[in-house]
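Attaching a single structure in C-alpha cells format; questions to follow.
What follows is calculated from the coordinates using simple rules that are stated; it is not laboratory data. Quantities reported herein were computed from a predicted structural model and do not represent experimental measurements.
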Amino acid sequence: MTRVKKIPLRKCCVTGERLEKKALMRVVRTPEGDVQYDPSGKMNGRGAYLAKNKTVIDKAKKTNVLGKQLEIAIPDEIYLVLKDAIDHEPK
C-alpha cells in the first residue's frame with residue numbers, strides 16, 4: 001500500500017483561495033518587527049500568503065490587507081520585491 005503525500009494548502013489573504021503552498025508567496029513579520037518577503041517559506045515570524053499574480057499584489061497594496069494580517073505598516077518596497085520575484089521566477 002503506497003502512502004499519499006499530503007500537499008500543504010494555504011489561504012491567499014486577498015482572494016481567499018486555498019492553494020498549494022508553492023503557488024503562493026509568503027510575507028513575514030519577523031520577531032524583530034521587520035517585514036520581509038520569504039521565498040523559502042520557513043522564516044520565523046507571523047506570515048501572510050499572496051497568490052503569485054501581479055493583480056493580487058496590487059489589490060493587496062490598495063486594500064492594505066497585508067498590513068491588517070501582519071498588524072504592522074507595510075513599506076512600498078515589499079510590493080516591488082514581490083512583483084520582481086514574480087518576473088524572475090522560472091517557468
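Ratio of Rg to Rh for the chain, alpha carbon only, Kirkwood?
Ratio of gyration radius to Kirkwood radius for the chain: 1.00.
For the chain, find the longest principal axis of its Cα atoms and tell me its angle to the long axis of helix 54-63, 0 to 90°, nearest 10.
On a 0 to 90 degree scale, this one is about 50.
Related question: Got the relative contact order for the chain handy, in percent, Cα pairs under 8 Å and 6 or more residues apart?
Relative contact order comes out at 25 percent.
If you don't mind, there's one more thing I want to ask. Rank 20, 32, 77 by mean-square fluctuation in a GNM of the chain with C-alpha springs under 10 angstrom and give only the top-ranked residue.
Fluctuation is largest for 32.
Straight-line reach only, C-alpha to C-alpha below 24 angstrom: list the lysines that residue 62 could link to, leaving out same-chain residues fewer than 8 apart.
Within the straight-line limit of under 24 Å, residue 62 reaches these lysines: 11, 21, 52, 54, 83.
Okay, moving on. Using only the alpha-carbon atoms, how far is helix 76-87 inclined from the longest principal axis of the chain? Give it as 0 to 90 degrees, nearest 10.
40 degrees
Same structure, new question: With springs only between Cα atoms under 10 Å, which of 31, 39, 75 fluctuates most in a Gaussian network model of the chain?
Among 31, 39, 75, the largest mean-square fluctuation in the Gaussian network model of the chain belongs to 31.
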